[in-house]
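The values are calculated or read from the model by the stated rules, or taken from the named source; none is laboratory data. Small disclaimer: the values here were computed from a predicted structure and weren't measured. With ideal geometry, Cβ positions are generated from the backbone for all residues, glycine too; neighbour counts draw on all protein chains shown.
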């Protein structure tokens with residue numbers, strides 16, 4: 001028995017118009033309903049309200065939106081990179097998770113032309 005499941009999804013060649021706060025929130029809402037996770041606090045970070053001169057356009061791996069959706073059983077984290085059209089996602093939960101369902105929904109939502117994922121079972125030595 002493991003403590004929990006961590007699903008790691010890397011998306012490439014995405015539709016970067018889906019990398020807005022509104023779209024990410026909608027994705028989180030629908031994903032949580034799909035995989036039966038109860039949402040708690042949601043936090044965003046991006047360059048909204050940051051002066052244009054302070055945005056590191058010379059470092060495209062730093063430009064995007066990040067969000068942490070706490071769920072009752074852990075969290076969902078997303079980091080988008082608009083210029084590169086990529087997104088990196090982690091879903092960690094102590095509840096059963098249908099990884100294939102979550103991956104399929106997520107790649108379709110963001111229009112990924114390519115993707116890869118892995119599921120890791122955490123705490124395999126746990127005595128739970």
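Name the single residue, out of those in the range 41-65 being modelled with pLDDT of 95 or more and surrounded by 13 or more Cβ atoms within 10 Å (Cβ to Cβ), that is nearest to residue 114 (Cα to Cα).
The extreme case among them is 65.
Among (1) assigned to a helix (DSSP H, G or I); (2) in contact with a helix residue (DSSP H, G or I) (Cβ under 8 Å, 6 or more places away or on another chain), there is one condition residue 76 misses while meeting the rest; what is its number?
(1)
Which number in (1) modelled with pLDDT of 95 or more; (2) closer than 18 Å to residue 28 by Cβ; (3) surrounded by fewer than 16 Cβ atoms within 10 Å (Cβ to Cβ) marks the one condition that residue 90 misses?
Every listed condition holds for residue 90 apart from (3).
Does at least one position in the range 54-64 carry a residue that is under 19 Å from residue 25 (Cα atoms) and in contact with a helix residue (DSSP H, G or I) (Cβ under 6 Å, 6 or more places away or on another chain)?
Looking through the range 54-64, none of the residues is under 19 Å from residue 25 (Cα atoms) and in contact with a helix residue (DSSP H, G or I) (Cβ under 6 Å, 6 or more places away or on another chain).
Of everything in the range 32-53, what is touching a helix residue (DSSP H, G or I) at 6+ places or on another chain (Cβ under 6 Å) and part of a helix (DSSP H, G or I)? Give them in sequence order.
Answer for the range 32-53, where residues must be touching a helix residue (DSSP H, G or I) at 6+ places or on another chain (Cβ under 6 Å) and part of a helix (DSSP H, G or I): just 34.
If you check 83, 89, which single one turns out to be closer than 18 Å to residue 5 by Cα and touching a helix residue (DSSP H, G or I) at 6+ places or on another chain (Cβ under 9 Å)?
89
Quick one: how many residues across the range 1-23 are within 13 Å of residue 111 (Cα to Cα) and assigned to a helix (DSSP H, G or I)?
4
Before we move on, is residue 28 in contact with a helix residue (DSSP H, G or I) (Cβ under 7 Å, 6 or more places away or on another chain) and surrounded by 13 or more Cβ atoms within 10 Å (Cβ to Cβ)?
no
So is residue 112 part of a loop (DSSP other than H, G, I, E, B) and either within 21 Å of residue 30 (Cβ to Cβ) or within 12 Å of the chain's Cα centre (by Cα) (or both) or not?
Criteria met by residue 112.
From the set of residues in the range 94-109 that are modelled with pLDDT of 95 or more and either closer than 17 Å to residue 43 by Cα or surrounded by 17 or more Cβ atoms within 10 Å (Cβ to Cβ) (or both), which is farthest from the chain's Cα centre (by Cα)?
The qualifying residue farthest from the chain's Cα centre (by Cα) is 99.
Out of the residues in the range 1-22 that are at pLDDT 95 or above and over 15 Å from residue 86 (Cβ atoms), which is surrounded by the fewest Cβ atoms within 10 Å (Cβ to Cβ)?
22
One line per residue, one yes/no per condition, for (1) more than 17 Å from residue 33 (Cβ to Cβ); (2) without any contact (Cβ under 8 Å) to a residue 12 or more places away in the chain; (3) in contact with a strand residue (DSSP E or B) (Cβ under 8 Å, 6 or more places away or on another chain):
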{"residue": "51", "(1), (2), (3)": "yes, yes, no"}
{"residue": "54", "(1), (2), (3)": "yes, yes, no"}
{"residue": "65", "(1), (2), (3)": "yes, no, yes"}
{"residue": "75", "(1), (2), (3)": "no, no, yes"}
{"residue": "97", "(1), (2), (3)": "no, no, yes"}
{"residue": "109", "(1), (2), (3)": "no, no, no"}
